[in-house]
Amino acid sequence: MIKISGLKKKFDNLEVLKNINLTIEDGDIYGLVGRSGAGKSTLLRCINGLTDYQEGSLTVDGKEVKNFSSYEMREFRRGMGMIFQQFSLLNRKTVYQNVATPMQCWNYPKDEIDRKVKELLELVGLSDKMDAKPRNLSGGQKQRVAIARALSMDSKVLLCDEATSALDPKTTLSILELLKKINKERGITIIIVTHQMEVVRNACNKISILENGEIAAQGETKEIFAQRPKALQNLLGEESTK
Ligand code: ADP
Ligand code: MG
């Protein structure tokens, strides 16, 4: 689904990503872990075309993410759902309207929008909150709305940038269960960017550990945790002192 080779990314003279190589298969729940500043969000932004890169290649579904026309970019982004730590909901709009907005922007027929919003809210367990405003929802509920909205364009890939970092451990687990359900039932490839070890251990089948813009370790989550490479020990050490 996503193939990255020899990718380099600079901001002016700052090399933020150095020779990134990774392959994400269709149906993976893939973890990108690392400390703050390691380059995780930048890599995610390269993957969804929000920022460019200087060297290497990056393909999504066989298509090189480079030099898109604005029309191609719009179409490409449509296939990528994204959720964030801070939820990024429209606070003046209801839950229903938040999920409906992307489809309205793309001029979906009204009855199709209505059908899809209701189906997605049922999927994320918020059918009873359709008319609520975001301020009246818990953090976990807000993230569920964001997930429903991210899936509204029938994305094949869902990118999650620190999506559980603002949530307590129990709510985090319930969001991870929802992501696993979506992956299994809808076949959506999910990329989870996080600095939280327990998140990748719980949800991801494969991971890459990023350190200073480089991949310090990569592989099946189980194997990485069994081998405990130095990169992982560093991260776990940081976790336990929190
Ligand atoms: P992470 O998500 O792992 O915390 P980021 O990808 O956000 O890391 O950032 C990686 C590095 O790139 C950091 O040193 C950060 O300061 C730098 N960086 C991120 N975005 C920009 C930008 N728009 N301009 C300049 N430097 C940036
Ligand atoms: Mg980040």
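The values are calculated or read from the model by the stated rules, or taken from the named source; none is laboratory data. In this text the structure is predicted, and so the values were computed from the model without any measurement. Backbone-built Cβ (ideal geometry, glycine too); neighbour counts: all protein chains shown.
Given the structure, is T23 out of contact with any strand residue (DSSP E or B) (no Cβ under 8 Å at 6 or more places or on another chain) and outside any loop (DSSP other than H, G, I, E, B)? Let's see the steps before the verdict.
Values: out of contact with any strand residue (DSSP E or B) (no Cβ under 8 Å at 6 or more places or on another chain): no; outside any loop (DSSP other than H, G, I, E, B): yes.
So T23 fails the test.
Listed here are the residues, each with its yes/no results for (1) in contact (Cβ under 8 Å) with a residue 60 or more places away in the chain; (2) over 21 Å from N98 (Cβ atoms).
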residue	(1), (2)
R115	no, no
E119	no, no
G125	no, no
D131	no, no
R144	no, no
I147	yes, no
K180	yes, yes
K184	no, yes
I191	yes, yes
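Output the residues belonging to the stretch 38-56 that are of a type in the set (S, T, Y) and within 12 Å of ligand 1 (Cβ to nearest atom). It would help to see each step written out before you state the result.
The first filter runs over the stretch 38-56 and keeps only residues of a type in the set (S, T, Y), leaving 41-42, 51, 53.
The answer is S41, T42, T51.
Taking first residues from the stretch 40-59 that are in contact (Cβ under 8 Å) with a residue 24 or more places away in the chain and partners that are acidic (D, E) and within 16 Å of ligand 2 (Cβ to nearest atom), the Cβ contacts under 9 Å between residues at least 6 apart in sequence or on separate chains come to K40/D161; K40/E162; S41/D161; S41/E162; L44/D161. I'm trying to understand the selection: among the residues of the stretch 57-80, which are away from ligand 1 (no atom under 16 Å from the Cβ) and closer than 30 Å to P229 by Cα? If the condition is that a residue be away from ligand 1 (no atom under 16 Å from the Cβ) and closer than 30 Å to P229 by Cα, then S57, T59, V60 are the ones that fit. Test N13 against the stated conditions and say whether it is within 16 Å of ligand 1 (Cβ to nearest atom) and at pLDDT below 95. Against the criterion (within 16 Å of ligand 1 (Cβ to nearest atom) and at pLDDT below 95), N13 qualifies.
State all residues of the stretch 157-170 that are surrounded by fewer than 17 Cβ atoms within 10 Å (Cβ to Cβ) and among the polar types (S, T, N, Q); if no residue qualifies, say none. Residue satisfying the conditions is S165 alone. The residues in the stretch 38-75 that are part of a loop (DSSP other than H, G, I, E, B) and either within 16 Å of ligand 2 (Cβ to nearest atom) or farther than 25 Å from N13 by Cα (or both) can be counted, and the count is 8.
Just one of the listed residues (G37, G62) is surrounded by fewer than 12 Cβ atoms within 10 Å (Cβ to Cβ) and on the phi > 0 side of the Ramachandran plot, and it is G62. Just one of the numbered conditions (1) in contact with a helix residue (DSSP H, G or I) (Cβ under 8 Å, 6 or more places away or on another chain); (2) at pLDDT 95 or above is not true of K170: (1).
Taken across the stretch 77-94, residues that are among the small types (G, A, S) and surrounded by fewer than 18 Cβ atoms within 10 Å (Cβ to Cβ) do occur, with at least one present.
Of these, K10, K3, K18, which one is basic (K, R), assigned to a strand (DSSP E or B), surrounded by 14 or more Cβ atoms within 10 Å (Cβ to Cβ) and in contact (Cβ under 8 Å) with a residue 60 or more places away in the chain? Explain how you work it out, then say what you get.
Numbers: K10 fails: in contact (Cβ under 8 Å) with a residue 60 or more places away in the chain; K3 fails: in contact (Cβ under 8 Å) with a residue 60 or more places away in the chain.
When all the criteria are applied, what remains is K18.
When residues in the stretch 146-164 are screened for being modelled with pLDDT of 95 or more and among the hydroxyl-bearing types (S, T, Y), 2 of them pass.
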